[in-house]
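Below is one structure, written out as structure tokens, with a few remarks after it.
Only the coordinates and a few stated rules stand behind these numbers; no lab work does. Because the structure is a prediction, the values reported are computed rather than measured. As a convention, Cβ positions derive from the backbone with ideal geometry for all residues, glycine included, and neighbour counts pool all protein chains shown.
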Amino acid sequence: MSGVAVGVFVFLFLLVTVMGFAASRWRRAASLDNLDEWGLGGRGFGTFIAWFLIGGDIYTAYTFIAVPATLYAGSAVGFFAVPYTIVVYPLIFLFLPRLWSVSHRHGYVTPADFVEGRYDSRPLALAIALTGILATMPYIALQLVGMQVVLEVIGIGTDSSNWFVKDLPLFLAFGVLAAYTYSSGLRAPALIAFVKDTLIYVVIIVAVIYLPGQFGGWGAIFDTVESSFASFNADNADAIAAGQATPRAIMPAEAAHWAYGSLALGSALALFMYPHSVTGVLSTRNRSVIRRNAALLPAYSFLLGLLALLGFVAIAAGVKVANPQQSVPQLFENEFPAWFAGVAFAAIVIGALVPAAIMSIAAANLWTRNIYRAYLNRDATHAEQARQAKLVSLLVKFGALVFVLALSKDFAINLQLLGGVWILQTLPAIVVGLYTRWLHRWAVFAGWAVGMAWGTWLAYGVASPVQAHFGGPLVNLPGTETKVYIAMLALALNLVVAVVLTPVLRAAGVDAGTDHTRPDDYTADLGDEGVVEELDPAAG
Amino acid sequence: MSSNARWTLICVLLAPAVVLPLLVGVYDRHDPELWGFPFFFWFQFLLIPVAAVLTTSAYVLARSGEKKGDRR
């Protein structure tokens with residue numbers, strides 16, 4: 001790797017570092033010592049900022065590395081990321097303004113805050129909070145995996161066999177990220193997201209305009225890929241027949257239609273249950289910002305689709321890497337001038353910093369509000385909560401780092417897979433709760449527990465050619481040979497349990513608790529009673 | 001327009017953006033190609049602006065409702 005590329009890379013990295021620290025002065029608040037400011041950026045972001053922030057949240061570095069990698073490896077099902085990011089926006093349009101309204105009126109910072117207010121159940125809120133933290137941790141770890149892949153291709157890092165010395169650059173990058181998240185809170189990723197997305201857009205647009213021409217245009221690229229897959233399938237016919245290898249294709253086979261569709265729908269439903277998307281959404285100024293963004297954010301999906309196809313371009317370009325995740329960074333290194341390769345690598349690494357910051361803030365908010373304040377220090381002041389959250393954001397990131405470096409990368413990927421299954425089990429409590437209080441709080445709790453247990457067990461039972469457990473996100477629909485996404489199956493059982501148990505519990509006279517919200521809370525907007533621009537931290 | 005009529009219309013507008021991408025059998029084919037892209041790929045790319053236009057129309061409708069105090 002040339003000095004020019006490394007120089008450009010380091011320059012851009014330093015630029016966002018300065019921005020991250022300066023962010024504490026941006027849209028300056030009287031004090032950052034409360035969660036509304038540190039953890040939600042003052043709850044005042046407009047359409048423009050929210051577009052970058054939520055975009056940075058959803059389209060992470062890991063997505064940018066992993067999605068083209070699946071296509072490079074010949075698994076067309078990986079392209080489900082595109083329908084998934086189409087399906088998600090109408091859902092955001094319908095559901096999230098209601099969550100915004102009720103959260104604003106009651107000062108809720110996390111989805112678990114809402115669940116506690118709605119269902120009057122601390123155990124249920126704790127379950128939602130723990131699920132959120134558990135699902136977010138491996139997600140942060142995967143952002144590190146994305147950074148690591150890029151750093152490997154650049155060749156930054158030393159050859160030492162000691163894992164600490166070898167990954168020193170990763171430590172440095174993460175240490176810097178931790179420091180400015182600590183001092184600036186959600187303002188840091190919001191500001192850095194501008195740089196990240198500008199760079200990503202420039203890189204992708206240049207890549208999709210310039211690269212295909214180098215290899216005879218898209219038609220030739222698809223032809224090359226198809227013949228390459230066909231010869232792979234012919235060479236490995238025996239292994240494929242024996243189930244030791246997976247056949248490659250540019251489109252999902254007919255048997256995989258349900259897999260493709262259920263992955264898209266399940267991931268879309270899971271996405272806005274993730275604490276970091278809720279954090280992004282609650283940081284907006286009013287309901288219209290969310291709906292306007294639901295119409296504007298698909299621009300990123302277009303980008304993601306084009307990026308995914310770079311996995312095919314890498315095949316046509318003759319990129320040969322053992323780890324498919326390196327295919328696109330290697331393509332950039334081979335085909336771009338050094339300085340532009342530096343820009344591209346910086347774009348991906350900065351693309352990991354933004355979501356990692358938001359995710360660690362979201363996890364810290366959950367810990368502080370729903371575990372620390374709910375159980376450990378019930379009279380915590382706003383300043384104490386902010387201090388707690390800042391410390392936990394450091395801890396969460398450190399945990400993710402140890403995770404990736406000391407344990408195996410595969411372990412993080414398996415857990416991320418489980419994270420999607422787990423987080424979807426909070427949907428009945430949150431989404432159904434936004435519309436009706438009909439479900440009994442203990443029925444929701446039981447549904448959650450059953451969904452978590454069954455989903456985990458199903459995932460444990462999935463073997464792949466390379467691993468005996470957690471080999472993939474798909475299982476056969478019971479009684480059929482049709483593969484579907486585990487998370488959707490577990491959610492179905494979760495909902496059945498919740499619906500069946502509700503009348504039973506009610507008939508048995510089990511206390512349903514008091515709903516602390518009112519119907520008009522769900523439609524309140526900026527300017528209504530109790531919904532002010534800047535929440536007064538002293539009012540509590 | 002009554003509130004129910006408005007929100008039914010909004011849901012009708014949003015429905016194709018949720019349902020179409022999930023019907024893989026509809027677009028799982030190679031032909032016709034467009035600029036070298038198999039149908040499978042260009043159709044999904046086409047769905048993105050279509051979904052954006054539908055969501056924008058839904059937004060305009062919801063917004064006009066909000067001005068009259070009709071929120072959901």
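Observations on the structure shown:
- Binned Cα-Cα distances of region A:418-476, short to long, each 10 Å bin given as a whole percent: 22, 42, 23, 11, 2
- When trypsin sites (Lys or Arg not before Pro) are flagged only if DSSP places them in a loop and at most 12 other Cβ atoms lie within 10 Å, the longest unflagged stretch of chain A comes out as A:29-319.
- Chain A: relative contact order as a whole-number percent, Cα under 8 Å and 6+ apart: 31
- Counting charges near A:Val354 (Lys, Arg +1; Asp, Glu -1) among other residues having Cβ under 10 Å from its Cβ returns a value of -1.
- Residue mean of other protein chain beta carbons inside 10 Å, B:8-20: 3
- Axis angle, to the nearest 10 degrees, between helix B:39-67 and the longest C-alpha principal axis of chain B: 10 degrees.
- Residues of region A:191-216 with amide N under 18 Å of a point placed 7 Å along Cα→Cβ from B:Trp35: A:201-216
- Size of charge dipole - chain B - debye, nearest 20, with Cβ of Lys, Arg +1 and Asp, Glu -1, no other charges: 580
- Spin-label model, A:Arg122 to A:Ala22: label points 7 Å out along the Cα-to-beta-carbon direction sit 4.6 nm apart.
- Residue-averaged 222 nm ellipticity for chain B, from DSSP H runs of 4+ at -39500 (n - 2.57), nearest 500: -23000 deg cm²/dmol
- When the P(r) is computed for region A:180-258, the part past 21 Å accounts for 60% of the Cα-Cα pairs.
- Distance from region A:281-309 to region A:339-409 (C-alpha centre basis), Å: 23
- Where labels lie 7 Å past Cα in the beta-carbon direction, separation of A:Leu394 and A:Glu254 in nm: 6.0
- FRET efficiency estimate (nearest 0.05) - Cβ-Cβ, A:Asp525 to A:Ala492, R0 25 angstrom: 0.15
- Measure of compaction for chain A (Cα Rg per 2.2 N^0.38 Å): 0.96
- B:Ser57-A:Tyr201 FRET efficiency (beta carbon distance; Förster radius 30 Å; 0.05 resolution): 0.70
- Longest segment of chain A lacking GluC sites (Glu not before Pro) that sit in a DSSP loop with at most 11 other Cβ atoms within 10 Å: A:1-480
- Estimated from helices alone, the mean residue ellipticity of chain A at 222 nm is -22500 deg cm²/dmol (sum of -39500 (n - 2.57) over DSSP H runs with n ≥ 4, per residue).
- Shape call, region A:346-460: gyration tensor on alpha carbons, a/c limit 1.5: oblate
- Charge dipole (Cα centre; +1 on Lys/Arg Cβ, -1 on Asp/Glu Cβ; no other charges) of region A:263-404 amounts to roughly 620 debye.
- Farthest positive-ward along the protein assembly as shown dipole, Cα basis, beta-carbon charges - from A:Leu269, A:Leu91, A:Thr514: A:Thr514
- Charge dipole (the protein assembly as shown, unit charges on Cβ, about Cα centre) - positive-most of A:Ile240, A:Asn377, B:Val18: A:Asn377
- Within chain A, the selection of entire DSSP H helices by a Cα span of 30 Å or greater along the long axis and an average Kyte-Doolittle value of at least -1.0 returns A:81-106, A:122-154, A:187-214, A:338-367, A:382-406, A:486-507.
- Label point distance in nm, A:Ala239-A:Ile209, each placed 7 Å from Cα along Cα→Cβ: 4.1
- For A:Gly20, neighbours were defined as the other residues whose beta-carbon sits under 12 Å from its Cβ, and their charges (Lys and Arg +1, Asp and Glu -1) total +3.
- Compared with the alpha-carbon gap, the fully stretched path from A:Arg437 to A:Tyr375 is longer by 19.8 nm at 0.36 nm per residue.
- Per residue, the convex hull spanned by the alpha carbons of chain B comes to 83 Å³.
- Residue-count net charge about A:Pro123 - beta-carbon cut-off 15 Å; Lys, Arg +1, Asp, Glu -1: -1
- Simple Cβ-charge dipole of the protein assembly as shown, Lys/Arg +1 and Asp/Glu -1, about Cα centre, in debye nearest 20: 1280
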